[in-house]
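The values are calculated or read from the model by the stated rules, or taken from the named source; none is laboratory data. If you're wondering where the values come from, they're calculated on a predicted model, not measured in any experiment. Cβ atoms come from the backbone with ideal geometry, glycine included; neighbour counts cover every protein chain shown. Please note that ligands, DNA and RNA were not included when accessible areas were found on the heavy atoms of the full protein model with its side chains. Shrake-Rupley method; radii C 1.70, N 1.55, O 1.52, S 1.80 Å.
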Amino acid sequence: ETEKHSKSILSFVAWAASIFVYLCFVAWALLPAKTLHYIGVTYYPSRYYAIALPAYVLVVYLLSGVAYIGFNMVNTLDPEDMATIKDLSPSPSANGNMAAPLSFIKITMIGSKDSGIPEIGDIDPILASTVLT
């Protein structure tokens, strides 16, 4: 019970502190130097950082998504690579071919003679990569 209350109190203090820091940032960015000196604030960073820091944070946030996608693309193996896992005994469909990719499946009404649900089988990774790209 007390642990729950202490977490609530700490959460509230963190929230209040973040609001205080934000208000100080806005006051530093918007108030003229005379007003800050009158309040008693005589040492503060350059106003350049009021624009630069949020811009840097935004750019880093946006580029992190691009870097994440690029990192995954660089580390993805080619479909023809020997390290790509491939089932050695795929189960062919009834007509002897591998199961058809989704773009080639004929869809019909449920309950009809040809239900449109393909048989379970493995799709060749190269064929799947061709269809998806």
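Restricting to the range 21-56, count the residues that are open to solvent by less than 100 Å² (accessible area, probe 1.4 Å) and either under 17 Å from the mean Cα position of the chain (by Cα) or among the basic types (Lys, Arg) (or both). Summing the residues that are open to solvent by less than 100 Å² (accessible area, probe 1.4 Å) and either under 17 Å from the mean Cα position of the chain (by Cα) or among the basic types (Lys, Arg) (or both) in the range 21-56 gives 1.
Considering the range 25-63 alone, what residues qualify as being aliphatic (A, V, I, L, M) and not in a helix (DSSP H, G or I)? Listed by number, the residues that qualify are LEU31, VAL41. With respect to the conditions (1) under 21 Å from THR133 (Cα atoms); (2) modelled with pLDDT of 75 or more, LYS106 lacks only one, and its number is (2).
Of the numbered criteria (1) open to solvent by less than 70 Å² (accessible area, probe 1.4 Å); (2) within 30 Å of SER129 (Cβ to Cβ), the one LEU62 fails is (1).
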